[in-house]
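Colleague: Mind looking over this structure? Questions follow.
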Amino acid sequence: MRRRGAVTLALPLVWLVAATPGAQAPHVASGERPSTNWLDQYREPASRLIGEAVGSTFAWQRLAVLTDSIGHRLSGTPALDRAIAWAVDEMKRDGLENVHTESVMVPKWVRGAESAEIVEPARHPMVMLGLGGSVGTRPEGVQAELLTVHSFNELEAAGQKARGKIVFFNVPYTAYEETVTYRSDGPARAARLGAVASLVRSVGPPGLRTPHTGSLQYTPEAPQIPAAAITTEDADRLQRIADRGTRIVVRLKMEAHTEPDAESANVVGELRGREKPDEIVVVGGHIDSWDVGAGASDDGGGCVVTWEALRLMKKLNLRPRRTVRVVLWTNEENGTRGGLAYRDQHREELANHVMMLESDNGVSRPLGFGFSGSEAVRQKLRAIATLLRGIAADAIVPGGGGADINPSTREARIPALALAVDESKYFLVHHTPADTVDKIDPVEMARSAAAIAVMAYVVADLPDRLE
Ligand SMILES: [Zn+2]
């Protein structure tokens, strides 16, 4: 998943133009360029980092090993345990320092067998995925008439008509942050009106009959009802039938349930700073995934490209003044317990966190970084980002942060970055069986790693702390 601030990272052209130095009013009234002599010392290491990253397909190959040999990694599964152990071994093999795990208890949701079918006016099996955290149905399933709505207002207007029905939220995808509310909040709102189950049109653009899972939020005021996502094609069929005024009956069967919390862990590796090892730059992604596909774009890729920053520095013998730390958080998808545990376990040193960066929007063509923090820091980052012009990843746009770093950055007011990438294809595969490594371009992924490596290295090495 991904949760940032309110600002979307989809980059309209105006931002790309605005982020190009020289395209806006000059900083200095006389028309002189502001002095960026401090940046000159970083041109050579930046070009070495970029060259090393794009000179191989190492990052993509590492992600392919993770996703082929281990696969998807839902919280509480042996696969996630294997992925964590694998990451520790591989970080040690890379020569990273202080490699260790930090224990975190995580929710354990189990999908079980599941199915959905249209029963009336004709039998059609639907392609579906239960929503993460959903309860199951009785063994024989729940069968009821369908009530189709297209907004929460329409649901509220239907009122008592929802009682005893399966409420279907058929809301076409616009932007993830907008449409996702029908997945996360729809089931509880339908339950409050007496619905017996809920279906939601998958939160993603039309694919090839691809269902998108994701978490839901129950509320204490409403009973917990089973809920699932169906494909856009099946949603369109239901809509066509409803538009003819024909009664629709659907049967939903789900074995989903929640078991006691399980032990998991965040993975940590470092390159210790040569002068100020107690000051820390954190980069990372989340090692858990949903239980479909292989968790390649969400978020195995984000783990690997941030981890690459340290591997590349180590390989090139670039040791910055401050410590660079990679964290692979656990349980982002259905609990964010890893990000919360990091904040709690590192509370004493959060004041020494110079910057935190998360990559959780895919690893396709990098555009630059989303940023949340002060204007002074933003200006500094804009200058650093000019080192990434050669790979066209030099934009600094609003909207830094990520679900795993937000608990820490908000508590300690730490500058927060998010790798910004071309997201045009990300939401086609997000939380689906199609989230596999073949969707990722090795060259674009290498560029994503290069962008993070340069940004992390320079921020960690600046003579004066970023602030
Ligand atoms: Zn994610």
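The values are calculated or read from the model by the stated rules, or taken from the named source; none is laboratory data. In this text, all values refer to a predicted model and were calculated from it rather than measured experimentally. All Cβ positions, even for glycine, are placed from backbone atoms using ideal geometry, and neighbour counts span all protein chains on display. Side chains are part of the model used for accessible areas, which takes the heavy atoms of the whole protein and leaves out ligands, DNA and RNA. Shrake-Rupley method; radii C 1.70, N 1.55, O 1.52, S 1.80 Å.
Colleague: So what's the net charge close to LEU49: Lys and Arg +1, Asp and Glu -1, counting the other residues with Cβ under 12 Å from its Cβ?
Modeller: Here the count lands on +2.
Colleague: Contour minus end-to-end for ASP261 and ASP441, with contour as 0.36 nm per residue of separation and end-to-end as the Cα-Cα distance?
Modeller: That pair, ASP261 and ASP441, stretches by 61.2 nm at full extension.
Colleague: Heavy atoms only, probe 1.4 Å: what % of the accessible area of the stretch 251-329 goes to carbon and sulfur, would you let me know?
Modeller: 41
Colleague: Once you put a point 7 Å from the Cα of ARG138 and another 7 Å from the Cα of GLU221, both along the Cβ direction, what distance in nm separates them?
Modeller: About 2.9 nm, to one decimal.
Colleague: Let me ask another. State the percentage of accessible surface on the stretch 55-208 attributable to carbon and sulfur atoms; use a 1.4 Å probe and exclude ligands, DNA and RNA.
Modeller: 55
Colleague: Toward the positive end of the charge dipole of the stretch 233-319, about the Cα centre and with charges on Cβ (Lys, Arg +1; Asp, Glu -1), which of VAL250, ALA265, VAL281 goes farthest?
Modeller: Going by the Cα projections, it comes out as VAL281.
Colleague: Let me ask something else about it. I'd like the Karplus ³J(HN,Hα) series for the stretch 403-416: coefficients 6.51, -1.76, 1.60, θ = phi - 60°, whole numbers in Hz, and an x wherever there's a Gly or Pro.
Modeller: Using θ = phi - 60°, the values come out as 4, 7, 8, 4, x, 6, 5, 6, 5, 10, 6, 8, x, 10 Hz.
Colleague: Quick one: accessible area per residue over the chain, 1.4 Å probe, rounded to a whole number of Å²?
Modeller: 39
Colleague: Suppose only helical runs count, i.e. DSSP H with n ≥ 4. What mean residue ellipticity at 222 nm does that imply for the chain under -39500 (n - 2.57) per run, divided by all residues and rounded to the nearest 500 deg cm²/dmol?
Modeller: -9500 deg cm²/dmol
Colleague: Let me ask something else. So how tilted is helix 78-94 from the main axis of the chain? Cα-based, degrees 0 to 90, rounded to 10.
Modeller: 10
Colleague: Here is a follow-up. How much accessible surface does ASP464 have with a 1.4 Å probe, in Å² rounded to 10?
Modeller: Roughly 120 Å² of ASP464 is accessible to a 1.4 Å probe.
Colleague: With everything on Cα atoms, drop me the angle between helix 43-54 and the longest principal axis of the chain, reported from 0 to 90° to the nearest 10.
Modeller: Between the helix axis and the principal axis of the chain, the angle is about 40 degrees.
Colleague: Counting Lys +1, Arg +1, Asp -1, Glu -1, what net charge surrounds VAL459 among other residues with beta carbon under 13 Å of its beta carbon?
Modeller: +4
Colleague: Probe 1.4 Å, all protein chains in place: accessible area of HIS150 in Å², nearest 10?
Modeller: Here the residue's solvent-accessible area equals roughly 70 Å².
Colleague: With a cut-off of 13 Å, note down the residues of the stretch 372-410 whose backbone N falls inside the zone around a label point 7 Å from the Cα of GLU177 toward its beta carbon.
Modeller: 372, 397-403
Colleague: With every protein chain in place, what's the accessible area of ARG163 (1.4 Å probe, Å², nearest 10)?
Modeller: Using a 1.4 Å probe on the heavy atoms, I get roughly 140 Å².
Colleague: Right, here's the next one. In degrees between 0 and 90, to the nearest 10, how far off the longest principal axis of the chain does helix 301-315 point, with axes built from Cα atoms?
Modeller: Helix 301-315 sits roughly 20 degrees off the main axis of the chain.
Colleague: Oh, and also: With only alpha-carbon atoms counted, please give the Rg and Dmax of the chain, in Å.
Modeller: Every Cα atom of the chain included, Rg and Dmax give 23.3, 78 Å.
Colleague: Order the following by accessible area, largest value first: SER202, SER424. Probe radius 1.4 Å; ligands, DNA and RNA are ignored.
Modeller: SER424, SER202
Colleague: Given R₀ = 35 Å, FRET efficiency for HIS150-GLU411 by Cβ-Cβ distance, to 0.05?
Modeller: Approximately 0.35, to the nearest 0.05.
Colleague: In addition: In nm, what is the difference between 0.36 nm times the number of residues separating GLN61 and THR101 and their Cα-Cα distance?
Modeller: Taking 0.36 nm per residue and subtracting the Cα distance, the gain is 12.0 nm.
Colleague: I would also like to ask the following. How long are the three semi-axes of the equivalent ellipsoid for the stretch 321-467, computed from the Cα gyration tensor as the root of 5 times each eigenvalue, in whole Å, largest first?
Modeller: For the stretch 321-467, the ellipsoid semi-axes come out as 24, 21, 12 Å.
Colleague: Where Lys and Arg each count +1 and Asp and Glu each count -1, what net charge lies around THR174 among other residues with Cβ under 15 Å from its Cβ?
Modeller: -1
Colleague: Starting from the residue with the highest accessible area, list LEU428, LEU350 in decreasing order, probe 1.4 Å.
Modeller: LEU428, LEU350
Colleague: Each label point is 7 Å from the Cα along the Cα-to-Cβ direction; what then is the distance between the points at ARG209 and ARG465, in nm?
Modeller: Taking the simple label geometry, ARG209 and ARG465 are separated by 5.8 nm.
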